[in-house]
Each structure stands twice: as C-alpha cells, then as structure tokens.
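Structure first, then comments.
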Amino acid sequence: MKPPIKLVLPVIYLCAWAASVALIWSAGTVDLIGVTILSLYVLMPLVTAGTSLVAGLRNVYGRFARIGILASGVLYMLIPYVTFSFANTLATGNLHAPDLMMLLVGSGLSLISYLVGAAIRHVRSARAS
C-alpha cells in the first residue's frame, strides 16, 4: 500500500528542511558559506518548488493549499533564524527577529510553483475533454 501524497509532500519538505538546518549547524568555519549556499539557495528552493508543483499538479490539498504555501514560506524563513540568528543570539545575548523577506521569498516561490502546477493540470484537463 502506497502512502498518500498528502503525507508524502510535507514529509519530503520537512526532511529537506531538517537536513538543511543540520548541515548548516554541522559545517565548519571553512565550509559554512558553501553549505549555506547549497542548502538555503539551492536545496530548499528546489524542494519548495518541487513539492508545490506536485501539489498544484495533483490538487492534493484543494482549497487548503494556501496553508501549505504559507508553511513553506515560514519554514524557509526559519532556516536562517534557527541557524545564524540563533548562533548570534548565543554569542551576543541579543535576540533578533526573523527576516520577513525570507518569508516572502519562500511563500512567493511556493505560490508560483503551485500556480504553474495548477495551470498544467488545467491545460491537461481541457485537452482531455
């Protein structure tokens, strides 16, 4: 029995998110910039776009897709917050607010990918009928 796609997509996203955070925390001082670029600007955008595209293609969440789009943005925003901002807070004692621009970037990427998937689904259904 195959697991439902409604559960698979969030699990894929959360595993990639946790892997990105773990990679950043485990990177040494020499590797930190490369790992950050890889996880924050390559891996997570690809996973965000891929999971949102599949969600749009399959319409697995229906009208609740907005929640997934917002959740993608929040999790994307939290990567630098739970890594760099938290490390800075530990070092200096100053608490920093999350960067809301990262929320917009993550949500925007997810929204665009979801809309592309929904458009492809619409075109396919129009051709089929």
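The values are calculated or read from the model by the stated rules, or taken from the named source; none is laboratory data. Given the structure is predicted, the values throughout are model-derived calculations rather than measurements. All Cβ positions, glycine included, derive from the backbone under ideal geometry; neighbour counts span all protein chains shown. Accessible surface is based on the protein model in full, side chains and every heavy atom, while ligands, DNA and RNA are left aside. Shrake-Rupley method; radii C 1.70, N 1.55, O 1.52, S 1.80 Å.
Values as computed for the structure displayed
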| item | result |
| --- | --- |
| Residue satisfying all of: in the range 26-37; of a type outside the set (Val, Ile, Thr) and exposed (fewer than 13 other Cβ atoms within 10 Å of the Cβ); nearest to Leu109 (Cα to Cα) among these | Gly34 |
| Qualifying residue in the range 94-101 (condition: in a helix (DSSP H, G or I) and farther than 15 Å from Ala49 by Cα) | yes |
| Filter result (hydroxyl-bearing (Ser, Thr, Tyr) and farther than 24 Å from Leu14 by Cα) within the range 73-122 | Thr89, Thr92 |
| Residues within the range 102-129 that are loosely packed, with under 13 Cβ neighbours inside 10 Å and part of a helix (DSSP H, G or I), tallied | 8 |
| Filter result (modelled with pLDDT under 95, among the aromatic types (Phe, Trp, Tyr) and either open to solvent by less than 20 Å² (accessible area, probe 1.4 Å) or more than 16 Å from Gly117 (Cβ to Cβ) (or both)) within the range 38-80 | Tyr41 |
